[in-house]
Amino acid sequence: MPSVEGGAFGVDWQAFVYLNVFLACSSFSCALPTIEPYLAELNALPLWAYAVAIYSVGQFLASPLWGYLCSIYRSEHALYASLLIGILGGFLYATARSGVEILIARLLIGLYTGSQEACHRTIVVRCTTDTERTIAQAGVSTATVLGFLFGPALAGIFFFKSFGPVNLLGMSFRLDTFTGPGWLIVFFCFISFFFVSIGLTQEQTKGLPQCISSPRSPAAASSSLSLPSSSS
């Protein structure tokens with residue numbers, strides 16, 4: 001396994017990668033058991049299939065986009081932007097008042113998960129050697145599958161107990177079986193914010209040099225090449 005010294009609290013940077021991917025993928029499955037009754041409560045049950053499928057649309061759009069962003073900006077900046085989208089998606093899911101809002105929330109959550117996977121796989125590629133990369137990428141895939149598997153279990157606390165309205169900043173929010181997964185996603189994003197800040201910045205991962213500005217144009221690159229002088 002890749003060995004990078006100086007991890008936060010003695011924890012290797014890879015652990016933060018795997019944990020963040022696990023949390024992001026849990027955000028997909030934690031809401032699956034309750035989407036149908038949630039939409040039924042909102043009188044939008046015909047949108048059930050679309051609410052499930054639109055998550056994958058978000059993943060599809062986010063993966064290439066955030067892969068590109070990671071190539072021109074510092075990886076942690078792309079991760080922070082992704083987490084903000086996840087917070088917005090989770091909040092919208094937990095406070096939805098219509099089926100359309102559920103669809104938008106699921107799209108945002110898909111964008112969040114897809115961008116998290118793209119960013120973390122980019123970090124793994126930059127911070128591992130050719131011989132280490134296969135095992136490290138397999139670890140990311142394992143974290144992905146475990147996230148999909150354990151998502152419903154993590155949200156299970158809301159399946160059996162309604163916590164009633166929660167007052168926050170002078171506003172009352174629902175916290176029950178339907179809205180609980182949304183709040184859980186928001187909580188996951190804040191945990192990932194912490195993990196990124198303490199263990200996944202460019203300096204902390206100590207990977208290959210990352211490009212933090214736009215790549216040079218081919219003309220600029222060619223002008224920097226110096227041809228060997230011919231000897232007389």
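Throughout, read-outs are computed from the coordinates displayed, never taken from laboratory work. Keep in mind the model is a prediction, meaning the values are calculated, not measured. Cβ placement follows ideal geometry from the backbone for every residue including glycine, while neighbour counts extend to all protein chains displayed.
Quick notes on this one:
- Size estimate for region 47-116 follows the Kirkwood approach: the inverse of mean 1/r over distinct Cα pairs works out to 12.0 Å.
- Interchain or long-range residues, amide H under 5 Å from residue 173's placed H: 166, 167, 168
- Isotropic mean projected area of the C-alpha convex hull, region 25-88 (nm²): 4.8 nm²
- In plain terms, the chain from residue 52 to residue 77 could stretch by 6.1 nm, reckoned as 0.36 nm per residue minus the Cα-Cα distance.
- Gain upon complete extension [residue 32, residue 130; 0.36 nm per residue less C-alpha separation]: 31.5 nm
- Hydrodynamic radius (Kirkwood) for region 85-125, which is based on Cα pairs only, to one decimal in Å: 10.6 Å
- Projected label points at residue 137 and residue 84, each 7 Å from Cα along the beta carbon direction, are separated by 3.1 nanometres.
- For region 25-42, backbone phi angles converted through the Karplus equation (6.51, -1.76, 1.60; θ = phi - 60°) give residue-by-residue couplings of 6, 5, 5, 6, 7, 5, 9, 4, x, 10, 4, 4, x, 5, 5, 4, 5, 8 Hz, Gly and Pro being listed as x.
- The length gained by stretching the chain between residue 41 and residue 100 to full extension, at 0.36 nm per residue less their Cα-Cα distance, is 19.9 nm.
- Pairs of Cα atoms farther than 24 Å apart, region 1-132, %: 36 percent
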